[in-house]
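Data first, discussion second: the structure below is written as structure tokens.
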Amino acid sequence: MSTWPESDSIQVIGGGELTAQVIPQRGGKVASLRDRTGREWLAQPEQPVGSPARVGANFLRAEMAGWDECAPTIVACTLDGRALADHGSLWTAAFVADGSTLTTSDEHYGFDFSRTIVVDGDGLRFDYWVRSERTLPFLWAAHPQFQAPPGTYVELPSRVDRVVDVLDPTLRSFAWSPAAAAIDDLEPGGCRKLYADPERSVQHATLVRPDGALQLTWSGECPYIGLWLEKGMFRREPVIAIEPTTGFFDSLATAVALDRCAQVSPDAPLRWSLHLRVLS
């Protein structure tokens with residue numbers, strides 16, 4: 001954690017199988033995730049970190065490290081006349097901390113967001129809550145950039161047999177395979193962004209590294225999953241992001257057009273959970 005400014009206020013949550021270090025003023029970023037052996041699972045900054053990014057900043061010019069929360073979109077887009085920022089508004093928000101619960105409000109799009117991290121059995125559980133005073137389509141995605149040394153791959157449920165390449169303008173669909181899952185399949189300087197077939201709900205995925213495995217499971221309110229694999233395009237060291245999400249596609253506007261995103265309303269707040277545990 002020496003690469004984060006000393007002025008950052010860091011919360012430590014856990015202490016058993018997994019320990020998270022969280023920075024509320026940087027969008028609630030999970031800056032570090034270590035298991036009891038000391039293994040670091042999250043990518044760390046590769047250069048000194050400056051002041052927290054401001055609303056509307058370019059995500060690729062920020063730390064490109066740790067675990068961020070993305071909502072109400074990932075890709076910048078416009079919906080009903082509202083311009084929505086790159087990777088959403090949460091990652092640039094200064095969260096208010098009350099113990100391990102962090103909260104913030106997005107007055108531009110109109111929602112309140114809360115996340116609580118607790119020790120749960122053999123891992124950590126992230127509990128989320130969103131409310132709004134009006135009915136809104138809502139896209140949230142976890143954005144954990146995991147270290148992906150050579151030999152790392154993603155394991156999805158066996159029912160996932162096809163994925164969609166969202167970097168391809170034609171949205172090419174192809175068979176899910178060991179090659180598509182592996183960081184080693186990327187050329188140096190390359191990247192890949194995939195979604196599991198939206199017709200197949202996914203509730204768990206595992207990051208498998210040569211030195212161990214980390215499993216993510218989540219509730220049915222997040223039926224979709226995106227995968228980001230990057231090898232030297234934006235960082236020197238490769239990363240894989242496993243992104244459970246409430247919407248299909250990186251753009252909220254596209255998810256709305258496809259009728260594949262969650263909805264929050266005054267009488268129906270959104271709640272979901274995500275659990276992390278080390279398998280080996």
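The values are calculated or read from the model by the stated rules, or taken from the named source; none is laboratory data. What you are looking at is a predicted structure, and each value in this text was computed from that prediction instead of being measured. Note: ideal-geometry Cβ built from the backbone for every residue, glycine included; neighbour counts use all protein chains shown.
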Quiz item: Within the group V160, V154, V164, which residue is in contact with a strand residue (DSSP E or B) (Cβ under 8 Å, 6 or more places away or on another chain), surrounded by 15 or more Cβ atoms within 10 Å (Cβ to Cβ) and part of a loop (DSSP other than H, G, I, E, B)?
Solution: V160
Practice problem: Check whether at least one residue in the stretch 178-197 is at negative phi, touching a Cys at 6+ places or on another chain (Cβ under 9 Å) and either crowded, with 18+ Cβ neighbours inside 10 Å or outside any strand (DSSP E or B) (or both), and report yes or no. | Solution: no
Exercise. Could you check how many residues of the stretch 78-110 are touching a residue at least 60 places away in the same chain (Cβ under 8 Å), under 17 Å from A142 (Cβ atoms) and not small (G, A, S)?
Key: 6
Quiz prompt | Filter result (surrounded by 23 or more Cβ atoms within 10 Å (Cβ to Cβ), part of a loop (DSSP other than H, G, I, E, B) and not hydroxyl-bearing (S, T, Y)) within the stretch 221-256 | solution = C222, P238, F248, F249, D250
Quiz prompt | Residues satisfying the stated conditions in the stretch 259-278, i.e. aliphatic (A, V, I, L, M) and loosely packed, with under 13 Cβ neighbours inside 10 Å | solution = A268
Quiz item: So which residues in the stretch 65-98 are over 18 Å from the mean Cα position of the chain (by Cα) and closer than 29 Å to V12 by Cβ?
Solution: V96, A97, D98
Self-check item: Condition check for V55: among the β-branched types (V, I, T) and at pLDDT 95 or above
Solution: no
Exercise. Would you be able to say whether some residue in the stretch 104-115 is at pLDDT 95 or above, of a type in the set (F, W, Y) and surrounded by fewer than 18 Cβ atoms within 10 Å (Cβ to Cβ)?
Key: no
Exercise. Answer yes or no: is there a residue in the stretch 175-194 that is among the hydroxyl-bearing types (S, T, Y) and in contact (Cβ under 8 Å) with a residue 24 or more places away in the chain.
Key: no
Quiz item: In this structure, does E40 turn out to be touching a residue at least 60 places away in the same chain (Cβ under 8 Å) and among the acidic types (D, E)?
Solution: yes
Quiz item: What tally of residues in the stretch 63-92 results from selecting those that are farther than 18 Å from W228 by Cβ and small (G, A, S)?
Solution: 4
Practice problem: Only residues that are among the hydrophobic types (A, V, I, L, M, F, W, C) and either within 13 Å of I23 (Cβ to Cβ) or not in a strand (DSSP E or B) (or both): list them for the stretch 100-112, please. | Solution: L102
Quiz item: Taking into account only those residues within the stretch 218-258 that are over 13 Å from the mean Cα position of the chain (by Cα) and charged (D, E, K, R), which is nearest to F138 (Cα to Cα)?
Solution: E221
Exercise. Name, by its number, the condition in (1) surrounded by fewer than 16 Cβ atoms within 10 Å (Cβ to Cβ); (2) modelled with pLDDT under 95; (3) out of contact with any helix residue (DSSP H, G or I) (no Cβ under 6 Å at 6 or more places or on another chain); (4) more than 30 Å from D197 (Cα to Cα) that does not hold for E133.
Key: (2)
Quiz item: Residues of the stretch 123-145 being closer than 18 Å to I74 by Cα and either touching a Phe, Trp or Tyr at 6+ places or on another chain (Cβ under 6 Å) or in a strand (DSSP E or B) (or both), which ones?
Solution: Y128, V130, L136, P137, F138, A141, A142, H143, P144, Q145
Self-check item: Single residue of E221, E237 found to be modelled with pLDDT of 95 or more, in contact with a Ser or Thr (Cβ under 7 Å, 6 or more places away or on another chain) and of a type in the set (D, E, K, R)
Solution: E221
Quiz item: If you check A175, A148, A180, A141, which single one turns out to be touching a Ser or Thr at 6+ places or on another chain (Cβ under 9 Å) and either closer than 30 Å to M233 by Cα or among the basic types (K, R) (or both)?
Solution: A141
